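Here the structure is laid out as structure tokens; the discussion comes afterwards.
The values are calculated or read from the model by the stated rules, or taken from the named source; none is laboratory data. Since the model is a prediction, treat every value here as computed from it, not as a measurement. Glycine gets a Cβ as well: all are built from the backbone with ideal geometry, and neighbour counts include every protein chain shown.
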Amino acid sequence: MMKTLVLGSTSVFRKAILEKLNLDFICDKPEIDETPLPNEQPVQLVERLAIEKARKVATGHSDALIIGSDQVAVHQGEILGKPGSQENAIKQLLRFSGDKVTFLTSLCLYDSVTDTYDVIVEPFYVFFRELTHSQVAAYIEAELPLNCAGSFKSEGLGICLFERLQGEDPNALIGLPLIRLTKMLEKHGVDVLALQK
């Protein structure tokens, strides 16, 4: 019998991505401090947070496989926050014009029975078009991505901001690398395709 599958997130985007696998799962919110440690690099940060989220959620699930994930956007070595205001979003997108932003998405699959986990960090690269102030302002007004790192929603109108995308799994950009998750689940005895009815 398969262990309970728990998504350690309340993100509607991660939930929608995981639903693509057609597996039964529950969501549980991990309450952790996401503040970066002194001198912590972006890859180290997202890896640590994915593990901490999974472990935190595991305290309420004794026989489960728990998925923890985190994501940061990085531009010219700087971790990008959520803009919070239209003015900040416009500034952020204008900074990216003609440049590349790297999204680092971590994935941890934690077995609460054995207290073991697998963790990876999946990079995804977004190359922006040359953008005018009026294009950026129109986009921000239309989609209001004020709670999104990078000030855009790639699954929506934000796709118009890009020159090209580069990465192994488009789901990673939205927040959950499904290709790698499928391999991790299989290692833990969960063959996604074999479970389809």
> Taking region 168-197 on its own, how many of its residues are under 14 Å from the mean Cα position of the chain (by Cα), surrounded by 17 or more Cβ atoms within 10 Å (Cβ to Cβ) and of a type outside the set (D, E, K, R)?
Replying inline: 9
> Do we have TYR117 as touching a Leu at 6+ places or on another chain (Cβ under 9 Å), aromatic (Phe, Trp, Tyr), within 29 Å of LYS53 (Cα to Cα) and surrounded by fewer than 21 Cβ atoms within 10 Å (Cβ to Cβ) here?
Replying inline: yes
> Taking the stated definitions as given, is LEU80 surrounded by 16 or more Cβ atoms within 10 Å (Cβ to Cβ), touching a residue at least 60 places away in the same chain (Cβ under 8 Å) and not aromatic (Phe, Trp, Tyr)?
Replying inline: yes
>> If I filter region 48-78 down to residues being out of contact with any Asp or Glu (no Cβ under 8 Å at 6 or more places or on another chain) and of a type in the set (Asp, Glu), which single residue comes out as farthest from THR116 (Cα to Cα)?
In response: GLU78
> Taking into account only those residues within region 15-32 that are within 11 Å of LYS53 (Cβ to Cβ) and not aliphatic (A, V, I, L, M), which is modelled with the highest pLDDT?
Replying inline: ASP28
> Which of the residues belonging to region 123-167 are of a type in the set (Phe, Trp, Tyr) and surrounded by 18 or more Cβ atoms within 10 Å (Cβ to Cβ)?
Replying inline: PHE124, PHE128, TYR139, PHE152
>> It is to be established whether one or more residues within region 125-148 are hydroxyl-bearing (Ser, Thr, Tyr), more than 30 Å from GLY60 (Cβ to Cβ) and either in contact (Cβ under 8 Å) with a residue 60 or more places away in the chain or in contact with a His (Cβ under 7 Å, 6 or more places away or on another chain) (or both).
In response: no
>> From the list ILE32, ILE17, exactly one residue is crowded, with 16+ Cβ neighbours inside 10 Å, over 21 Å from PRO123 (Cβ atoms), among the β-branched types (Val, Ile, Thr) and out of contact with any strand residue (DSSP E or B) (no Cβ under 8 Å at 6 or more places or on another chain). Which is it?
In response: ILE32
> Can you tell which of ALA89, ALA54 is under 17 Å from VAL121 (Cα atoms), surrounded by 20 or more Cβ atoms within 10 Å (Cβ to Cβ) and in contact (Cβ under 8 Å) with a residue 40 or more places away in the chain?
Replying inline: ALA54
